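The values are calculated or read from the model by the stated rules, or taken from the named source; none is laboratory data. Remember, predicted model here, so these are calculated numbers, not experimental data. As a convention, Cβ positions derive from the backbone with ideal geometry for all residues, glycine included, and neighbour counts pool all protein chains shown.
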Amino acid sequence: MPYPEGHKLKVRKHIITSAAKAFRTHGVRNISLPYIMKGAGLTHGGFYSHFENKDQLVIEACHFAISDTIELLKKVADKHEDQPKIQSVIEFYLSSVHRDQTEIGCILPALSGEISQLSEEIRNAYTREFKRFLEFITDMAKVDASTGYALVSSMVGTVALARAVSDPKLSDDLLLAGKTQAKLIIASSKG
């Protein structure tokens, strides 16, 4: 009995979603294909009917994760009409909720430490997705490219460090300092 139309695309999306969640939480090198497939509710054997290799999956999962993050941040920005959209984004991105919910958080801080050690193809894809996120933040903040670089670097770096340290107070202090600095970066560009 043949599968219904669109079944293969639906399964592929489940695999990409599972991979994005796993990579956001554990990185790329620490995650096996069987783990990803199990997260998608599938057996390992079906992987190669959807993807050539793990690199292709990493590339597609990065694209999915950045799209997901941008959509989430747009919703956050639209929720708080009483303040500039970029302020709402900064408040959420540099929050304990975003820090602690790695499985749905931004993939950039999750992979930034290991991406340079992965294939050139993955690094190129990560770079494209980073640029897409950078453009989104720069446009939302209404700042020039240089200020956008500083703002995104500050935000991503803050989350990466806040997730990395074992001291909860230090982690919270990093988030608070990151929020302050991100807002100062924007304010100084306007002055």
Unmet requirement for E129, which otherwise passes all of (1) within 22 Å of K179 (Cα to Cα); (2) among the charged types (D, E, K, R); (3) in contact with a Cys (Cβ under 7 Å, 6 or more places away or on another chain): (1)
On the given criteria, is E91 within 26 Å of L184 (Cα to Cα), touching a Lys or Arg at 6+ places or on another chain (Cβ under 9 Å) and either in a helix (DSSP H, G or I) or at pLDDT 95 or above (or both)? yes
Looking at this structure, is F51 within 14 Å of the chain's Cα centre (by Cα) and touching a residue at least 12 places away in the same chain (Cβ under 8 Å)? no
For the condition over 20 Å from G178 (Cα atoms) and not in a helix (DSSP H, G or I), what is the one hit in D82, D68? D82
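For (1) among the polar types (S, T, N, Q); (2) over 22 Å from D173 (Cα atoms); (3) touching a His at 6+ places or on another chain (Cβ under 6 Å), each residue gets a yes or a no:
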site	(1), (2), (3)
L73	no, yes, no
A77	no, yes, no
P84	no, yes, no
V89	no, no, no
Y93	no, no, no
H98	no, no, no
Q101	yes, no, no
C106	no, no, no
I115	no, yes, no
Which numbered condition K75 fails, given (1) in a helix (DSSP H, G or I); (2) in contact with a helix residue (DSSP H, G or I) (Cβ under 9 Å, 6 or more places away or on another chain); (3) farther than 22 Å from L9 by Cβ: (2)
Quick check: is even one residue across the stretch 147-169 of a type in the set (D, E), outside any helix (DSSP H, G or I) and either free of Cβ contacts under 8 Å to residues at least 24 places away in the same chain or over 26 Å from N53 (Cβ atoms) (or both)? yes
Members of the stretch 94-109 found to be at pLDDT 95 or above and part of a helix (DSSP H, G or I), listed by number: S96, V97, H98, R99, D100, I107, L108, P109
Just give me the residues in the stretch 144-158 being aliphatic (A, V, I, L, M) and farther than 13 Å from Q181 by Cβ, in sequence order. A145
L42: passes all of (1) under 21 Å from the mean Cα position of the chain (by Cα); (2) crowded, with 16+ Cβ neighbours inside 10 Å but (1)
From the residues in the stretch 35-54 that are assigned to a helix (DSSP H, G or I) and aromatic (F, W, Y), which one is farthest from S18 (Cα to Cα)? Y48
Report yes if some residue within the stretch 54-72 is crowded, with 20+ Cβ neighbours inside 10 Å, in contact with an Asp or Glu (Cβ under 6 Å, 6 or more places away or on another chain) and among the charged types (D, E, K, R); otherwise report no. no
